[in-house]
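Reading through the structure tokens given below for one structure.
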Amino acid sequence: MTEIAQEKSAASGMGPGRFLPPPPLFLLQPVLRRVVRRVADLHPSLFDRLGPHRSAHFVIDARGLPFVLLLVPDPGNLQFRAIARRAEPVSDARIAGGFFDLLGLVDGAEDGDALFFSRDLDITGNTEAVVCLRNALDDVEGSIAEDVAGLFGAPGRAVLAALRRAGDRRGSGS
Amino acid sequence: MRPELVCPAGTPAALRTAVDAGADAVYCGFQNATNARNFPGLNFTPDELAQGVEYAHARGTKVLLAVNSFPTAGRFGLWRDAVDMGARFGVDAVIVADIGVAAYVAEHRPDLRLHLSVQAAASSPEAIRYYVREFGVKRVVLPRILTIPEIKEVKSEIPCEIETFIFGNHGLMVEGRCSLTNYATGLSTNMDGVCSPAAQVHYDKEPDGSVATRLGDFTIDRFGPDEQAGYPTICKGRYLAPNRDDAYYAFEEPVSLNLARLLPQLIEAGVEAFKIEGRQRSRAYVRQVVGAFRTAVDQVLAGQEPELADLVALTEGQKQTQGAAASKKWR
Ligand code: SF4
């Protein structure tokens, strides 16, 4: 691995710890529920693009966080939960990437194919479900990250701005 | 003449992004086999296309509807409906590959501008003149197999506009005639509109961090832990052969076309429209690539040296090529 690639992969794996010390999982669950509800309410058309994969179980592994996220994007049974790594559930598809890369994807700032080409994004399981989810999220106008930040008012937006700056610094550094 | 920048739109949000980034025209398709990017979760419902046309036209951008796959017997209605809906919504042209679809447009929608898709693989003046004469084709999208002098020569012998690809995925098989996916999966790129259907693509991560890519029952590549990856298409796979020590790229390497440096020569050769590939890509890709080429084309037209943004991070395998435009060698 080149020095640049090493720096990049170390930075990609870095969590947002400086900004968000991870709270205990039971405190996180209601927040995640609100987040996914908010996104679903704002963007109902997102579910149409998922087609038959609405009931798929996606595990999202933001490297560097002490937990993984389980997403079931089914409007009738919407789930978004943090689960300890040692208890990772069986899933239909698994998406793993650096925290800032995944943030870039939901912020409309990063290209999923480019992250895949550079090996910063790992996909296993049902590839079609992942492609559908990627396309559905990419069709959301504006930024999901902004929608979520807006849920927490000015402090939420300040955290997003800080994370974006950190992501940019990481990008320009690599 | 000011060349048109023709940009990809896989979703309504990508369409708006391309329009806002300076596209002169966007191309898009419906959510079915009528277009050659029939990927899951991609493309437009009829309502979305109608709204997309409204958005683009309000900002002076054209919408080109890709109806560029080949109907098989008994399925023609799907292609006819796609053309009719496009006409009803006021698209500026339909891009077709099949002679039956071209004939339908010529006979039933004579006011609808007809572009010949790259999928038709018309590369000789004789073939192109045939489409112009028989169906009234106004523009041909040239296959990516011609050098710039060849493009210039073709241009001098045809009575229609030329569109060439300038950026994006680069599959060197003759467009519209590749059956590699069909062989491996039973689905046809040309008739079902999808190369390497995602439902049959599998990535198997191995303990050492390498990833094996499978399409159907075939392993088509294996990337080491730190190796760049490419699209899971057979043409970009690596294969073992009896006379080779290691797996090798039998057809083509993962690489993207980038003709940014050749824009002045392409304009000089008489190319009327520049096409950016990537309906399957994200808004982030559309924003960056369209923005970069908007700036570059405008600078060339103003007689300035174009500033070429670095787009390598968006390319397949993080490698770029000028393809056949620069050399007739296979790679
Ligand atoms: S296998 Fe390659 S050349 Fe054939 S259709 Fe797919 S991308 Fe094109």
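The values are calculated or read from the model by the stated rules, or taken from the named source; none is laboratory data. For clarity, every value in this text was computed on a predicted model and none was experimentally measured. Cβ sites come from the backbone with ideal geometry, for glycine too, and all protein chains shown count toward neighbours. We work out accessible area using only protein heavy atoms, side chains counted, and drop any ligands, DNA or RNA first. Shrake-Rupley method; radii C 1.70, N 1.55, O 1.52, S 1.80 Å.
Assessment of region B:169-188 against the conditions (within 13 Å of another protein chain (Cβ to nearest Cβ), at pLDDT below 90 and touching a strand residue (DSSP E or B) at 6+ places or on another chain (Cβ under 7 Å)) yields at least one matching residue.
Scanning region B:191-200 for residues that are of a type outside the set (G, A, S) and either over 21 Å from the mean Cα position of the chain (by Cα) or within 10 Å of the ligand (Cβ to nearest atom) (or both) gives B:V194, B:C195, B:Q200. Within region B:291-319, restricting attention to residues that are touching a strand residue (DSSP E or B) at 6+ places or on another chain (Cβ under 9 Å) and more than 12 Å from every other protein chain (Cβ to nearest Cβ), the residue that is most open to solvent (accessible area, probe 1.4 Å) is B:L308.
Where strands (runs of 3 or more DSSP E) sit wholly within region B:207-274, those with at least 2 residues that are modelled with pLDDT under 95, under 30 Å from B:D298 (Cα atoms) and within 16 Å of the ligand (Cβ to nearest atom) occupy B:256-258. How many of the residues making up region B:287-331 are closer than 30 Å to B:P225 by Cβ and of a type in the set (D, E)? Result for region B:287-331: 2. For region B:175-190, which residues satisfy the criterion of being more than 22 Å from B:C7 (Cα to Cα) and within 12 Å of the ligand (Cβ to nearest atom)? Correct list: B:R177, B:C178, B:S179, B:L180, B:T181, B:N182, B:Y183, B:A184, B:T185, B:L187, B:S188.
Restricting region B:157-174 to residues that are more than 23 Å from B:L311 (Cβ to Cβ) and either basic (K, R) or not in a strand (DSSP E or B) (or both), the residue that is farthest from the ligand (Cβ to nearest atom) is B:P159.
In region B:13-36, the condition of being assigned to a loop (DSSP other than H, G, I, E, B), within 14 Å of another protein chain (Cβ to nearest Cβ) and buried (at least 24 other Cβ atoms within 10 Å of the Cβ) is met by at least one residue.
Tallying residues that are closer than 21 Å to A:R164 by Cα, facing another protein chain (nearest Cβ under 7 Å) and hydrophobic (A, V, I, L, M, F, W, C) within region A:126-139 yields 0. If you go through region B:117-125 one residue at a time, do you hit one that is open to solvent by 20 Å² or more (accessible area, probe 1.4 Å), touching a strand residue (DSSP E or B) at 6+ places or on another chain (Cβ under 8 Å) and small (G, A, S)? No, region B:117-125 has no match at all. Screening B:V83, B:V137 for residues that are under 21 Å from B:L5 (Cα atoms), among the β-branched types (V, I, T) and either more than 14 Å from chain A (Cβ to nearest Cβ) or part of a loop (DSSP other than H, G, I, E, B) (or both) leaves exactly one candidate, B:V137.
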